[in-house]
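Presented below is the structure to which this report refers.
The values are calculated or read from the model by the stated rules, or taken from the named source; none is laboratory data. What you are looking at is a predicted structure, and each value in this text was computed from that prediction instead of being measured. Glycine also receives a Cβ, built like all others from the backbone with ideal geometry; neighbour counts cover every protein chain displayed. Just the protein is used for accessible areas: all its heavy atoms, side chains included, with ligands, DNA and RNA removed. Shrake-Rupley method; radii C 1.70, N 1.55, O 1.52, S 1.80 Å.
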Amino acid sequence: MSLPRIHELISLKGKSAIVTGAASGIGRATALRLAEAGASLYLLDIDYDGLSKVRDEALNYDVKTELFKVDLSKKEEIDNLWNLIKGREPSILVNNAGIYIFRDFIDVDEAFLDNIMKVNLYSMFWMCQNMVKSRDKKGGIIVNVSSIESILPFAKDLIHYDISKIGVLALTRALAREYSRMGFRINAVVPGGIETESVKKLKEKTLLRLEISRVATGLQFMSRLPIGRFGHPDEVARVILFLVSELSSYITGAVVVVDGGFTST
Ligand code: NAD
């Protein structure tokens, strides 16, 4: 049997992909790598201006890009999106959008926790459900973005975030168990220490406000980070590209850590 060539395995030509949270950070980097591999894009975010900029950047790759302003905390908006694209549902779904807002455990109220769970976990649940329902016989590929915080809670004031992100892993593995035989591959990536614009802003804010305990956490993080530097969003995007391509055709239900070795120490 002759094996497929590398460029055939990595190519996404003729395929299309949804990327959520594509206006910035890891989502933006992922959208651009998927476009480079030839996928046409359905980009979702609450930030339409940010999406427009990413569409301009994707022009370099000569792929079709459609933008959708969706508030992923609202199931109704998610369902509307899938109705809108009925009959041309993509075979690839990258659930990346997420929010990390620091708040003391004692100060978390119901509205705050609800919102975190809706954006970080329920949105992925509803997106996966729509994907599985609509591509029932055809199968597809899903990558869900979790966080190192889910398996190694490290930063203070992120308990709400941690529980949402461990849910992402449970969702991924349970779905893989139920749907892989039906032609789906469903995996999770677990990033940590990725220097996106949002992370840079958080760092600046922490320093400006002299939030001592958070500065200390940052220093501890760096001191135990084996690779000795923060990651670039593209370094996560490349792993997501691997997981949505045929290079990873035998991988499902996996939890792929992209954290410069942090959780190994
Ligand atoms: P980011 O803030 O740069 O990007 C997140 C995107 O999601 C933004 O464009 C934002 O507008 C969008 N978004 C937020 N709420 C939304 C909503 N309700 N509806 C639609 N879109 C919404 O973040 P990032 O650093 O690129 O992180 C991306 C993912 O990676 C998140 O799930 C995050 O939890 C996870 N993650 C990041 C890191 C890191 O170090 N950066 C580490 C671990 C996990």
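The table that follows gives values for the structure above.
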| item | result |
| --- | --- |
| Cα long-axis angle, helix 123-134 against the chain (0 to 90 degrees, to the nearest 10) | 10 degrees |
| The chain: relative contact order in percent, alpha carbon pairs under 8 Å with at least 6 residues between | 20 percent |
| Dipole in debye (nearest 20) - the stretch 172-221, about Cα centre, beta carbon charges: Lys, Arg +1; Asp, Glu -1 | 160 debye |
| Gained length - TYR250 relative to GLN129, 0.36 nm times residue gap less alpha-carbon distance | 41.3 nm |
| FRET E, pair ASN83, ASP136, Förster distance 22 Å, beta-carbon r, rounded to 0.05 | 0.85 |
| Computed FRET value (nearest 0.05) for PHE221 with ASP56, which takes r as the C-beta separation and R₀ as 51 Å | 0.90 |
| Per residue value of the accessible surface for the chain (all protein chains in place, 1.4 Å probe), Å² | 51 Å² |
| Exposure rank, largest accessible area first [PHE242, PHE154, PHE105, PHE262; 1.4 Å] | PHE105, PHE242, PHE154, PHE262 |
| Those trypsin sites (Lys or Arg not before Pro) in the stretch 210-252 that DSSP places in a loop and that have at most 16 other beta carbons within 10 Å | ARG224, ARG229 |
| Extension gain, ASP107 back to LYS13 (0.36 nm per residue minus Cα-Cα distance, nm) | 29.0 nm |
| Rounded tilt (10° steps) of 197-208 against the dominant C-alpha axis of the chain | 10 degrees |
| Sequence-distant residues sharing a close amide H with ILE18 (under 5 Å, placed H) | TYR42, ILE92, LEU93, VAL94 |
| Charge tally in the Cβ shell below 13 Å around LYS203, where Lys, Arg are +1 and Asp, Glu are -1, LYS203 excluded | +1 |
| Estimated dipole of the stretch 8-161 in Debye, rounded to 20 [Cβ of Lys and Arg +1, of Asp and Glu -1, Cα centre] | 800 debye |
| Cα-based helix-to-principal-axis angle, 159-179 vs the chain, degrees rounded to 10 | 20 degrees |
| Ordering of 30-36, 71-77, 215-221, 243-249 by packing [mean C-beta count within 10 Å, highest first] | 30-36, 243-249, 71-77, 215-221 |
| Pairwise centroid distance, computed over Cα atoms, of the stretch 13-91 with the stretch 96-115, Å | 26 Å |
| Debye, to nearest 20: dipole size of the stretch 131-265, +1 on Lys, Arg Cβ, -1 on Asp, Glu Cβ | 300 debye |
| In range of the label at VAL199: residues from the stretch 141-156 whose backbone nitrogen is under 11 Å from the point 7 Å along Cα→Cβ | 148 |
| Unsatisfied cross-links (Cα-Cα over 32 Å) in the set LYS15/LYS156; LYS69/LYS201; LYS69/LYS205 | LYS15/LYS156 |
| Carbon plus sulfur fraction of accessible area for the chain, probe 1.4 Å, in percent | 56 percent |
| Pairwise FRET efficiency - ASP47 versus GLU178, Cβ, R0 = 35 Å, nearest 0.05 | 0.60 |
| Cleavage-rule hits, GluC sites (Glu not before Pro), the stretch 136-240, DSSP coil, Cβ neighbours within 10 Å at most 11 | none |
